[in-house]
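First comes the structure, then the notes that go with it.
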Amino acid sequence: MEVIQTKIEGLLVLKPRKFEDDRGYFFESFNQSQFDEIVGKKVRFVQDNESKSKKNVLRGLHFQLPPFAQGKLVRVSQGSVFDIAVDLRKNSPTYGQWHGEHLSEENGNIFWIPEGFAHGFVALEENTKFLYKCTNTYSPTSEQTLQWNDPTLAINWNIDNPIVSEKDKKGILLNDFISPFQL
């Protein structure tokens, strides 16, 4: 597996080895001991989630506050997304910066987003299936949302009219958020 460091410490892109022939393909999407070695610590996943989205659906930017903070290992099994992680670790030199990755069924890339990041994506194709493993269970009372179009973040989603839920339209601005996360 190839590991690519991003400009933000802790965010990793994993490129599995894909074996293809005229029958199709095979790749190992997760191996616990290999993953722990890559991130340099033992990571325990407790929940797997899947969503299906229409083209132009934008989900995010979501995160959970401690003690329910979540690390996420994300990938796409059908279609494609532009996936975003925003650094919310208050003592990080990249606090408030974002990194985007194109994840697709075709490229098979996997994105590791540790605790302390807001996360979201926009579906680039119809019927996009998004899969992710979480290090903590979902807690509705701990969930927070940053505004997807926060001018401070200035995320270029490369889309003019995204389909956004009412909950996500009511996200908070980064400048109004007091971060409990540490690097």
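The values are calculated or read from the model by the stated rules, or taken from the named source; none is laboratory data. This is a predicted model, so every value here is computed, not measured. Cβ coordinates were reconstructed from backbone atoms using ideal geometry, including for glycine residues, and neighbour counts include every protein chain displayed. Each accessible area value is taken on the protein alone, full model and side chains, heavy atoms only, with ligands, DNA and RNA left out. Shrake-Rupley method; radii C 1.70, N 1.55, O 1.52, S 1.80 Å.
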request  = State the Kirkwood hydrodynamic radius of the stretch 73-183 in Å, one decimal place, computed from all pairs of distinct Cα atoms.
outcome  = 14.9
task = Over the chain, average the accessible area per residue using a 1.4 Å probe and give it in Å², no decimals.
result = 53
query = Near residue 55, which aspartates and glutamates are there with a Cα under 16 Å away, not counting those fewer than 8 places off in the same chain?
reply = 83, 105, 125, 126, 160
key: Which of 102, 119 is most accessible, then next, and so on - probe 1.4 Å   = 102, 119
task = Evaluate E = 1/(1 + (r/R0)^6) for residue 38 and residue 142, where r is the Cβ-Cβ distance and R0 equals 30 Å; express this FRET efficiency to the nearest 0.05.
result = 0.65
message = Full-extension gain between residue 9 and residue 23, please, as 0.36 nm times their residue separation minus the C-alpha to C-alpha distance.
response = 1.2 nm
ask   = Of all the accessible heavy-atom surface of the chain, with the other protein chains kept in place and a 1.4 Å probe, what percent is carbon and sulfur?
value = 46
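Do any GluC sites (Glu not before Pro) in the stretch 102-159 lie in a DSSP loop with no more than 14 other beta carbon atoms within 10 Å, and if so, which?
On the way: sites: 105, 106, 115, 125, 126, 143; in loops: 105, 106, 115, 125, 126.
Listed in order of number, the matching sites are 105, 106, 126.
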inquiry  = Sort 37, 20 by heavy-atom solvent-accessible area, probe 1.4 angstrom, most to least.
reply    = 37, 20
remark   = Counting Lys and Arg as +1 and Asp and Glu as -1 over every other residue whose Cβ sits under 15 Å from the Cβ of residue 92, the net charge comes to 0
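Pairs of alpha-carbon atoms within less than 8 angstrom and 6+ residues apart define the contacts here; what relative contact order does the chain have, in percent?
29
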query = Taking only the alpha carbons of the stretch 1-102, what extent do you get along each of the three principal axes, in Å, biggest first?
reply = 49, 36, 27
ask   = Put +1 on the Cβ of each Lys and Arg and -1 on the Cβ of each Asp and Glu in the chain; which of 182, 38, 118 then has its Cα farthest toward the positive end of the dipole?
value = 182
ask   = Rounded to the nearest 500, what is the chain's calculated 222 nm mean residue ellipticity when only DSSP H runs of at least 4 contribute -39500 (n - 2.57) each, over all residues?
value = -1500 deg cm²/dmol
task = Using only protein heavy atoms and a 1.4 Å probe, report how much of residue 28 is accessible, in Å² to the nearest 10.
result = 90
